[in-house]
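K.L.:
Let me give you the structure first, and then I'll get to my questions.
The values are calculated or read from the model by the stated rules, or taken from the named source; none is laboratory data. Fair warning: this is a prediction, and the values are worked out from it, not measured in the lab. Every residue, glycine as well, gets a Cβ built from its backbone with ideal geometry; the counts of neighbours run over all protein chains shown. With ligands, DNA and RNA removed, areas are computed over all heavy atoms of the protein, side chains included. Shrake-Rupley method; radii C 1.70, N 1.55, O 1.52, S 1.80 Å.
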Amino acid sequence: MSFLHEDSPVTRFLSCFMDLILLNVLWILGCVPIVTAGASTAALYDMTMQMALHEEVHVCSGFFKSLIHHLKKGTFMFLLTAVAGIFLAVDLWCTFQPYVPYRFFLQVVVVSVGYFYLAAVSHAFPALAYFDEPVLKTLRYGLLLAMKNGIFTVFIMLLDLSPVILFFLFPVQFLQSLFLWFTVGFALIAWLNSLHLVRLFDPERVKAVEEAQEERRKARLRREALRDQD
């Protein structure tokens, strides 16, 4: 059956979906020690960006190899961003206290800084996976890429924060969807982000990959046409 052909859209979708399920489980296991969450996230994005570039991905071996490779940088970046995030959260909480002067002004300042913080973090871990640069350079580069990314930065931030947003706004629905989050949800977010981020990180490579994909598609169609004629 043609729809189950090795290169058919249905087959590619099913293969991608199964890889995402496995990646989701591996990412959760990699986050269990908590401090390794950064390295696990970098490894997750390493795999999903390879998938976005239509490269052959060996999920288990590739994930653990990437996890070990990014362990030092990913852990340092996670601890650095976690401390900064906690500091911002405490500052925001303080601005809502009744005894604080100039509350509204301080809230605007903290929220503005928080936006740039989230923008940088949402791009920094994928950038670490793709470019493998030193941590501080990667954080700075992540912020620059986020600013260059325009409105897509907001979409990526909303995708990254979707579990938190769902938990606070719709706690019942969040609990009902826990199975999906633990099955495929987090890896699916990383993959959706990766589809755009690879274009931001390396547009020339994406263009070459798309041209090669189109050539393979045309070659397959020619083979099918010749087979039908026979």
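K.L.:
Is at least one residue of region 143-150 open to solvent by less than 50 Å² (accessible area, probe 1.4 Å) and touching a His at 6+ places or on another chain (Cβ under 6 Å)?
P.N.:
yes
K.L.:
Restricted to region 1-35, and to residues that are over 16 Å from the mean Cα position of the chain (by Cα) and surrounded by 13 or more Cβ atoms within 10 Å (Cβ to Cβ), which residue is modelled with the lowest pLDDT?
P.N.:
My answer is H5.
K.L.:
Which pairs turn up if I take residues in region 193-209 that are part of a helix (DSSP H, G or I) and look for partners that are of a type in the set (F, W, Y) with beta carbon separation below 7 Å, at least 6 apart in sequence or on another chain?
P.N.:
S194/Y45; H196/F152; F201/Y130
K.L.:
Take region 77-129 and flag every residue that is hydrophobic (A, V, I, L, M, F, W, C) and in a loop (DSSP other than H, G, I, E, B).
P.N.:
Hits for region 77-129 are F96, V100.
K.L.:
Restricting to region 56-66, name every residue that is open to solvent by 30 Å² or more (accessible area, probe 1.4 Å) and outside any loop (DSSP other than H, G, I, E, B).
P.N.:
Passing the criteria: C60, S61, F64, K65.
K.L.:
Scanning for something aliphatic (A, V, I, L, M), without any contact (Cβ under 8 Å) to a residue 24 or more places away in the chain and either surrounded by 14 or more Cβ atoms within 10 Å (Cβ to Cβ) or over 27 Å from Y45 (Cβ atoms) (or both), does region 117-137 turn up at least one residue?
P.N.:
Scanning region 117-137 turns up no residue that is aliphatic (A, V, I, L, M), without any contact (Cβ under 8 Å) to a residue 24 or more places away in the chain and either surrounded by 14 or more Cβ atoms within 10 Å (Cβ to Cβ) or over 27 Å from Y45 (Cβ atoms) (or both).
Let's see how each residue does on (1) of a type in the set (A, V, I, L, M); (2) exposed (fewer than 10 other Cβ atoms within 10 Å of the Cβ); (3) more than 20 Å from the chain's Cα centre (by Cα):
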residue	(1), (2), (3)
L188	yes, no, no
L192	yes, no, no
L195	yes, no, no
F201	no, no, no
E204	no, yes, yes
Q213	no, no, yes
R216	no, no, yes
R220	no, no, yes
E224	no, no, yes
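K.L.:
Now, a different point. Kindly indicate which of L44, L26, L71, L67 is over 20 Å from P134 (Cα atoms) and not charged (D, E, K, R).
P.N.:
It is L26.
K.L.:
If we scan region 46-55, do we find a residue that is under 24 Å from L161 (Cβ atoms), open to solvent by 30 Å² or more (accessible area, probe 1.4 Å), of a type outside the set (K, R) and in contact (Cβ under 8 Å) with a residue 12 or more places away in the chain?
P.N.:
yes
K.L.:
Regarding V113, is this residue more than 24 Å from T138 (Cα to Cα) and either among the acidic types (D, E) or without any contact (Cβ under 8 Å) to a residue 40 or more places away in the chain (or both)?
P.N.:
no
K.L.:
Additional query: Quick one: which residue in L128, L159, L192 is under 22 Å from N24 (Cβ atoms) and touching a Ser or Thr at 6+ places or on another chain (Cβ under 8 Å)?
P.N.:
After ruling out the rest, the residue left standing is L128.
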